[in-house]
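So the structure is just underneath, and the comments pick up after that.
Just so it is clear, none of the values below were taken in a lab; they were calculated from the coordinates. Predicted, not measured: the structure shown is a model, and the values here were computed from it. Cβ: placed from backbone, ideal geometry, glycine included. Neighbour counts: every protein chain shown.
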Amino acid sequence: MKQVKKISRSPDDTEQIAFELGSQLKPPVLIGLNGPLGAGKTVFAKGIADALGVKELVTSPTFLGISEYYSGKLPFIHMDFYQKVTEASKIEYFLKKPSVVLIEWANNFQEVIGRSLNTDISITIDFDIKNIENEQNRKIIIRYTKFSL
Ligand SMILES: Nc1ncnc2c1ncn2[C@@H]1O[C@H](COP(=O)(O)OP(=O)(O)OP(=O)(O)O)[C@@H](O)[C@H]1O
Ligand SMILES: [Mg+2]
């Protein structure tokens, strides 16, 4: 399994790292994003959306936990499992077509449903505790769980 480690020093850095990934995606693709509150998962989602050409402003999904964007070159489905986990059949439904599905707090699926979510790419964003003096530093690990680009 290929794994790439990146250091982000600002929200713009995180968006840029996500943009680069977003430009190389082969749909359908399921991306799981994990990391603590305020790590930058939604910032990362914005970078992916930007790479896909999504025109709307990407914000945290609402209480329903799913936002769908169709203005880019591929459908961009943004989910957030912090409060509510979406059922597997619905996730699979979006992946039947060439689209990009990105899930914040993807690990909550395992905790709630009791089986793991089969992501193509799994990303962890965390505060960089070695560089705590820079509060904007983040460590981003991108794991290609199913395939390499
Ligand atoms: N290097 C960085 N990368 C991303 N965001 C950063 C960085 N440094 C500081 N920030 C700030 O951290 C916050 C990250 O917010 P964001 O909503 O993306 O987090 P999140 O992981 O989605 O949180 P939640 O778990 O609540 O959904 C933003 O206010 C952003 O400006
Ligand atoms: Mg978020």
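Which one of the conditions (1) of a type outside the set (D, E, K, R); (2) crowded, with 18+ Cβ neighbours inside 10 Å; (3) free of Cβ contacts under 8 Å to residues at least 12 places away in the same chain does residue 49 fail to meet, given that it meets all the rest?
(3)
Search the range 26-41 for residues being under 15 Å from residue 8 (Cβ atoms) and in contact with a strand residue (DSSP E or B) (Cβ under 6 Å, 6 or more places away or on another chain), and hand back the single one that is surrounded by the most Cβ atoms within 10 Å (Cβ to Cβ). If you could, list the steps in order and put the result at the bottom.
Here is the first cut: in the range 26-41, the residues under 15 Å from residue 8 (Cβ atoms) are 33, 35-36, 38-41.
Retained after the next criterion (residues that are in contact with a strand residue (DSSP E or B) (Cβ under 6 Å, 6 or more places away or on another chain)): 33, 35, 39-41.
Details: 33: 29, 35: 21, 39: 20, 40: 26, 41: 25.
Of everything passing the filter in the range 26-41, 33 is surrounded by the most Cβ atoms within 10 Å (Cβ to Cβ).
Consider residue 49 carefully, then state whether it is among the hydrophobic types (A, V, I, L, M, F, W, C) and in contact with a Gly (Cβ under 9 Å, 6 or more places away or on another chain). Even if it seems obvious, please write down each step before you answer.
On the way: among the hydrophobic types (A, V, I, L, M, F, W, C): yes; in contact with a Gly (Cβ under 9 Å, 6 or more places away or on another chain): yes.
Considered against the rule, which asks whether it is among the hydrophobic types (A, V, I, L, M, F, W, C) and in contact with a Gly (Cβ under 9 Å, 6 or more places away or on another chain), residue 49 comes out as yes.
Among the residues that make up the range 131-143, is at least one of them among the β-branched types (Val, Ile, Thr), within 16 Å of ligand 1 (Cβ to nearest atom) and over 22 Å from residue 19 (Cβ atoms)? Full working, then the answer.
Taking the range 131-143 as the starting set, the residues that turn out to be among the β-branched types (Val, Ile, Thr) are 132, 140-142.
Subsequent filtering for residues that are within 16 Å of ligand 1 (Cβ to nearest atom) retains 132, 140-142.
From the residues that got through so far, the ones that are over 22 Å from residue 19 (Cβ atoms) too are 132.
Scanning the range 131-143, I find at least one residue that is among the β-branched types (Val, Ile, Thr), within 16 Å of ligand 1 (Cβ to nearest atom) and over 22 Å from residue 19 (Cβ atoms), so the answer is yes.
Residues that are under 28 Å from residue 131 (Cα atoms): list the helices (runs of 4 or more DSSP H) wholly contained in the range 3-108 that include at least 3 such residues.
On the way: elements: 11-22, 41-52, 88-95.
Output list reads 11-22, 41-52.
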